[in-house]
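Here, each number is a calculation from the coordinates, and none is a lab measurement. Source: prediction; values computed, not measured. Quick reminder, even Gly has a Cβ in these numbers, built from the backbone with ideal geometry, and neighbours come from all protein chains shown.
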Amino acid sequence: MSERTQHNLSAPLALLTMLLIVAVAVYLLATLAGWAFSLSVPPALAVAQDAPPAAPTPTPAAVTGSLSLLATPEPTATPAMATPSPTPTSTPAPLSYTVQEGDTLGSIAQAHAVSVEDLAAANSLTNPNLLYVGQTLIVPGGGPVATPPSPGPDLAQPTPIPSPALPSTVNEERWIDVDLTQQSLMAYEGHTPVHTTLVSTGLPNTPTPVGQFRIWIKLRYDDMSGPGYYIEDVPYVMYFYEGYGLHGVTWHGNFGHPMSHGCVNLPTSEAEWLYNWADVGTLVNVHN
């Protein structure tokens, strides 16, 4: 083999040998670098890099927070000192009375030692003649509820009606005299007559009560009723004994003759004059 041919074969072989040496060197350097890197990384990090990420372990604070989202414990209430409730002030029940058969407003008032005027006002009775059995009346003054009295000799009787007086014996500043026989009314100031008019008093079956009375209420208008009649807006009414009163009429003009259910009927103009002249408490003397 010629020297030229040997030279041509050795050159590529040398190059191949050099490349092989370089490759081995690179491999060795890479292996050394990987080994050095593995020594410098903590084991936990190395495991974390190789293994799939795991759920982080919750801290106690995180656990507490998670539990608080699941169930919130009821707050513990601090017992407070109980405040005593105010003791209600007991108000005595008003005195009441149940109307019995045969009762009148006057007899009820007398039995309970109150005036007819106060009893009527406490029950808003514009017509005290309209009582019915079983009706409950409020008796002014308060106190325990009364039970209806049992009939018997101990039952309180109403005060007898004072007997009528002769006009000459009446000592009142202002008063009214009703003469049933003459069917007339006379208004007096002291012993001096100041006004007179014809009237119509009760029929024989419904007589006007006789005696001395006092006006206990005045009503510009009032509705009146009784067995077989009902009249609205009776004018200038002045009750002097229970449901008996002096008042004007618009349904008849037969004055001077008995016509009523017991009241004293006056012409409306005369009733108006008397209504303006008399006061509550004015004496009404009714006689035959």
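Other residues lying with their Cβ under 11 Å from the Cβ of residue 173 contribute a combined charge of -2, Lys and Arg counting +1, Asp and Glu -1. Couplings for region 15-23, taken from phi via the Karplus curve 6.51 cos²θ - 1.76 cosθ + 1.60 with θ = phi - 60°, read 5, 5, 5, 5, 5, 5, 4, 5, 5 Hz in order; Gly and Pro are left as x. Between residue 191 and residue 136, the simple spin-label model (points 7 angstrom out along Cα→Cβ) gives 5.4 nm. Computed over the Cα atoms of region 95-139, the ratio of the radius of gyration to the Kirkwood radius (Rg/Rh) comes to 0.89. Taking amide H as placed 1.01 Å from N in the peptide plane, residue 222 has its amide H under 5 Å from the amide H of 233, 234, each at least 5 places away in sequence or on another chain.
Taking a Cβ cut-off of under 13 Å around residue 200, the surrounding Lys, Arg, Asp and Glu residues balance to a net charge of -2, with basic ones at +1 and acidic ones at -1. Of all DSSP-defined beta bridges confined to region 167-287, some 75% are antiparallel rather than parallel. Let me make sure I get this right: for region 149-288, a, b and c are the square roots of the gyration tensor eigenvalues over alpha carbons, sorted descending. Under 1.5 in a/c it's rounded, otherwise prolate if a/b > b/c, else oblate. Which is it? Oblate, because a/c is 1.5 or more while a/b does not exceed b/c. Extension gain, residue 26-residue 114: 0.36 nm per intervening residue step, less the Cα-Cα distance, totals 18.4 nm. Here the peptides 219-225, 266-272 are ranked by packing, the mean other Cβ count within 10 Å, and the order with the highest first is 266-272, 219-225. Scanning residues 5 or more positions from residue 184 or on other chains, those with amide H under 5 Å from its amide H are 179, 199, with H placed 1.01 Å from N in the peptide plane. Near residue 233, within a Cβ-to-Cβ distance under 11 Å, what is the net charge of the other residues, with Lys and Arg +1 and Asp and Glu -1? The answer is -2. Among 173, 242, a tally of other beta-carbon atoms within 10 Å of each Cβ gives an order, fewest to most, of 173, 242.
Close amide H partners of residue 195, meaning residues 5 or more places away or on another chain with modelled amide H under 5 Å apart, are 187.
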